[in-house]
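A.B. asks: After the structure tokens below, expect a handful of questions from me.
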Amino acid sequence: MKEKIEALMAEVEAVKAATKQDIEDARVRLLGKKGSITALFEEFRNVPAEQKKEFGAKLNVLKTAAAAKIEELREAMENSGAAAGAAASDLSMPGEPMELGSRHPVSIVRQEIVDIFRKFGYDVAEGPEIEDDWHVFEALNFPPEHPAREMQDTFFVSEGETAQDGSKHNPVLLRTHTSSVQVRTMEKMPLPIRVICPGRVFRNEAISARAHCIFHQVEGLYIDENVTFADMKQAILLFAREMFGPQAQIRMRPSYFPFTEPSAEVDVSCNICGGKGCNVCKGTGWLEILGCGMVDPNVLEASGIDSKKYSGFAFGMGIERIAMLKWQVKDLRNYFENDLRFLREFNTEL
Ligand code: DAH
């Protein structure tokens with residue numbers, strides 16, 4: 001009797017199960033009506049009276065251990081998620097498909113722009129999104145009363161110190177354009193400078209199909225001796241051809257920015273109708289892509305660059321705008337809502 005109990009105890013301890021069925025088989029084998037432990041209880045009847053106490057206790061320990069083992073195996077199986085039965089452990093079954101994400105259209109276009117300018121020898125520079133008034137406005141030659149500083153355009157974080165004459169000094173704000181990175185670059189990088197600065201910008205605008213309070217820009221800056229307007233025109237033309245195809249033409253319209261003089265806005269020939277006129281270009285054959293100009297000497301001097309010796313050009317474009325032209329997605333909100341039906345359309349661009 002003793003040996004049988006010990007042998008069965010060893011068997012209980014060694015029970016292993018890969019499936020629910022294995023557990024049930026073990027239960028039947030040990031504790032079922034015809035199970036080996038049940039059979040020992042039958043034999044127990046014939047044990048001499050003086051040994052009943054000892055073997056009775058041992059048998060009960062064995063039975064409890066067997067029941068506990070079965071329960072433990074059941075719980076482990078349920079926790080491992082294999083409760084679905086034999087099929088769950090079929091290692092030849094195909095795995096659960098894992099859906100691959102795709103790059104966001106804004107990231108795709110930003111990378112494309114960065115890659116184009118990298119080929120032209122530009123480095124990438126980045127700056128903080130929470131900026132001060134100096135880098136966003138003051139150093140970029142915005143006069144104190146310039147409307148872009150008004151509350152309706154700029155999200156202010158703090159108002160800054162008020163001087164004795166009532167003027168405010170260096171408020172903290174969310175940058176309204178990436179031109180602030182121009183200033184940071186001019187302050188710290190040795191000349192000549194050739195950088196592009198991609199980044200997120202913020203404006204206090206009501207959200208609509210055509211405006212959003214968050215969007216992305218890429219700023220470009222080139223400063224060296226003898227940089228001319230013709231250099232700028234050539235750089236932008238080459239960019240337009242890389243971005244929109246070798247047939248792309250550009251035209252420049254005079255414009256105004258506080259930080260450049262002269263300034264221009266650049267249109268690219270409509271890539272949909274090839275310049276003949278369609279509803280995308282509103283019949284004009286041209287699409288506006290960026291603003292640019294020769295860096296104003298005041299801006300160079302504000303960052304400690306000798307404007308007699310150095311000159312340069314800058315340009316800035318909206319990434320969502322370029323993406324719109326590339327894919328004809330007209331509602332800006334699509335770029336921010338992360339609707340999977342929209343994002344999946346860009347799966348192929350990985
Ligand atoms: N910062 C301008 C804006 O947000 C864009 C821009 C225009 C940047 C002309 C430039 C530039 O560097 O030269 O609208």
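We did not get these values from a lab; they are worked out from the coordinates using the rules stated. Being a predicted model, the structure only gives us computed values, none of them experimental. A quick note on method: Cβ atoms are made from the backbone with ideal geometry, for glycine too, and the neighbour counts reach across all protein chains shown.
A.B. asks: Quick one: Cα centre-to-centre distance for region 250-300 and region 311-350, in angstrom?
C.D. replies: 18
A.B. asks: Here is a follow-up. Just to be sure I understand: of the beta bridges DSSP finds with both ends in the chain, what percent are antiparallel, rounded to 5?
C.D. replies: Rounded to the nearest five, the antiparallel share is 95 percent.
A.B. asks: Another question, if that's okay. Please list, or write none, the lysines whose alpha carbon is within less than 17 Å of the alpha carbon of LYS282, excluding same-chain residues fewer than 8 places away.
C.D. replies: Counting by Cα, and skipping residues close in sequence, LYS282 has these lysines nearby: LYS326, LYS330.
A.B. asks: Using just the helices of the chain, give the 222 nm mean residue ellipticity in deg cm²/dmol: DSSP H runs with n ≥ 4 each add -39,500 (n - 2.57), and the total is spread over all residues, rounded to 500. Provide the component values of the computation, followed by the final result.
C.D. replies: On the way: 12 runs with 133 residues, N = 350.
Taken over the chain, the calculation gives -11500 deg cm²/dmol.
A.B. asks: Here's a follow-up. For LYS52, which lysines qualify as cross-link partners when the Cα separation must be under 17 Å and same-chain residues fewer than eight apart are set aside?
C.D. replies: Qualifying lysines at Cα under 17 Å: LYS2, LYS4, LYS63.
A.B. asks: Another one. I'd like to know which of CYS292, PHE336, ALA39 lies farthest towards the positive end of the charge dipole of the chain, counting +1 on Cβ of Lys and Arg and -1 on Cβ of Asp and Glu.
C.D. replies: Value: ALA39.
A.B. asks: Taking just the alpha carbons, could you work out the radius of gyration and Dmax for region 222-330, both in angstroms?
C.D. replies: 15.4, 47
A.B. asks: Do any trypsin sites (Lys or Arg not before Pro) in region 165-239 lie in a loop, going by DSSP, with at most 12 other beta-carbon atoms within 10 Å of their beta carbon, and if so which?
C.D. replies: When the trypsin sites (Lys or Arg not before Pro) of region 165-239 are filtered for loop state and at most 12 Cβ neighbours within 10 Å, ARG210 remain.
A.B. asks: Name the GluC sites (Glu not before Pro) in region 212-263 that are in a loop by DSSP and that have at most 13 other C-beta atoms within 10 Å, would you? Provide the component values of the computation, followed by the final result.
C.D. replies: Details: sites: GLU219, GLU225, GLU242; in loops: GLU225.
Counting only loop positions with at most 13 other Cβ atoms within 10 Å, the GluC sites (Glu not before Pro) in region 212-263 are GLU225.
A.B. asks: Using the crude model of +1 on Lys and Arg Cβ and -1 on Asp and Glu Cβ, and no other charge, please compute the dipole size for the chain relative to its Cα centre, in debye to 20.
C.D. replies: Charge dipole of the chain: 1380 debye, to the nearest 20.
A.B. asks: Counting other C-beta atoms within 10 Å, which of VAL227, VAL181, VAL61, VAL329 has the fewest, and how do the rest follow?
C.D. replies: Ordered from fewest to most neighbouring Cβ atoms within 10 Å, VAL227, VAL181, VAL61, VAL329 come out as VAL61, VAL329, VAL227, VAL181.
A.B. asks: For a quick check: sort LEU40, LEU290 by the number of other beta carbons within 10 angstrom, fewest at the front. It would help to have the intermediate numbers written out before the result.
C.D. replies: Details: LEU40 18, LEU290 23.
Ascending Cβ contact count within 10 Å gives the list LEU40, LEU290.
A.B. asks: Give a quick list of trypsin sites (Lys or Arg not before Pro) in region 18-120 that DSSP marks as loop, anything other than H, G, I, E or B, with at most 10 other Cβ atoms within 10 Å.
C.D. replies: Details: sites: LYS20, ARG27, ARG29, LYS33, LYS34, ARG45, LYS52, LYS53, LYS58, LYS63, LYS69, ARG74, ARG103, ARG110, ARG118, LYS119; in loops: LYS33, LYS34, ARG45, ARG103.
Answer by residue number: LYS33, LYS34, ARG45.
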